[in-house]
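Each remark here refers to the structure printed beneath this line.
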Amino acid sequence: MKTEMVSSSSPLAHSSRQRPGSACEECRRRKVRCDRQRPQCQVCYESGLECKISTARLPRGPRKGQLRTLRTRIAALERCLADQHPEINQQMTALLEGELDCDSDDETLRDMNGFRERTESPENRRAGTKSPRSPGSPRSGLVSELMRADLDQLYFDRVHPFAPILQRWRYHVWSKQQKKSEAQTCLQYAMWTVAASLSAQFRSLRDPLYQETRRMLDTLDTQGGRTEGAGIEQAQSWVLICIYEYMQLSPLQAWMSAGRCCRLVLGMRLYELDDPNNTVVMARDRETTLIDWTGLEERRRTFWMAYSLDRFISFHNGLPYTLNEQLIATRLPGPEEEFQAGQPVVTQYLPEVMMKTSTDAANPISSFSECIVLATICGRALAHRQKVAVEQISITGDAAVFEGFWTRHQWLHEMVNHHIQMLSSSPQVDPMLMFARIIAQTMVLFLHSVLESVTWKTGDHLLGIIEYERLCVAAAHEVVNLVKLQGQLGYFKVLFPPLCFVNESLTR
């Protein structure tokens, strides 16, 4: 019998548990322990089967879900290649139709064919062409799902601090919807464009994303017919594209885009969102429970961001701005914490803040509002210089004209000094406040350059001019210190580079 083949006194009985040799095929099939006896193991002896041993072993199979992941990636790559390289698309079509000899997995080919059948119409498959897409839709395959999540995170980490126009929770709600409007898709691409430009990982996507965004914006502009409640995403897209062009292309190109953005917000009447004489505003104030406070604040912030870009970029280029300060009846934006939490806050109007002097009991305003005030001062300083140039041409040596110039100049200096003191006493280390401090000191340098451009000085004002020169020297030292502090904070923690404003004032 088989049991007699191995006795208890056999030395094999006292060997290690892992006997030498390999398990037989029958034990492997049954998934039982093989005693590895030769010429026949116990299982094969009792079953009356031949005990076969195979030394060639098949490799272990892939991990769970690996094939599905690979098929998904193949489908995504096929879509990307089909859009970017038509010749490769033809080869893939021939492969899937069996014209090329390739040892591919049948199930993988079926999945890829199924993907093509879901994304292409029968007519296009027979004609060998791609599925048509609407003029406002983006190019497929440019940004994958995983890249979208990373770019969204980059946007809110690095772009939102200096362009706070989106409520994060609100964006994530509509961005996950399957069907989005063309304006919403355009806004996403604008967000990803600026985010990619501030990331070494996605720097290669910067130009393709920008081109796609501009193409979609041009398509949306040709459609027209926007109402007050629609197209806010389109305006937000123009805001972000202005910032991108200012940082990466040229200030002049950004100025052209800022003009289109300002015309759009004017057409949407965002400059009178809180006009107390407007019937819509009066009805809104009576039914406060029905107000979409988050959407209203987004529209406010979009307008004020367009207003700030209009002032800053026009100031840099020395060109007239578009938006008229005298027509604005929209409240200043609220604090960032309340905005992200969706809490309504009643803020001041811009004229109320601009009329305050250093002796007034100043109520604290948000960092964004402080930048808006500095943008307004930039606009008035630019208009002040442009008016001086006209006055010197038209009327030379007129005392009344010079007194009017001096009154404007003193008022601008008082406003700048007032905000410099407020910003210096602020304990916050905020990117927008840092930018506001640099702009405020830059205004001192700019106003001094305006004084030097005046040809009809009088002796009564020479002492005042000497005092302004002393303030100018102190402001230059402060700008240098702030720029050094900006370098310590890092490039991504400060508003889009304000050094151009500094350089312009220093060169003048």
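Checked against the criterion of being touching a residue at least 12 places away in the same chain (Cβ under 8 Å) and either more than 15 Å from the chain's Cα centre (by Cα) or assigned to a helix (DSSP H, G or I) (or both), the candidates Gln211, Gln188 yield just one match: Gln188.
Could you please find all residues in segment 407-422 being of a type in the set (A, V, I, L, M) and within 13 Å of Arg380 (Cβ to Cβ)? Outline the logic, then answer.
Initial filter on segment 407-422 (of a type in the set (A, V, I, L, M)): 412, 415-416, 420, 422.
Within segment 407-422, Leu412, Met415, Val416 meet the criteria.
FYI, it's all coordinate maths here, none of it is from the lab. Here the structure is a predicted model, which means the values were calculated and not measured. Here the Cβ is made from the backbone with ideal geometry for all residues, glycine too, and neighbour counts use every protein chain on show.
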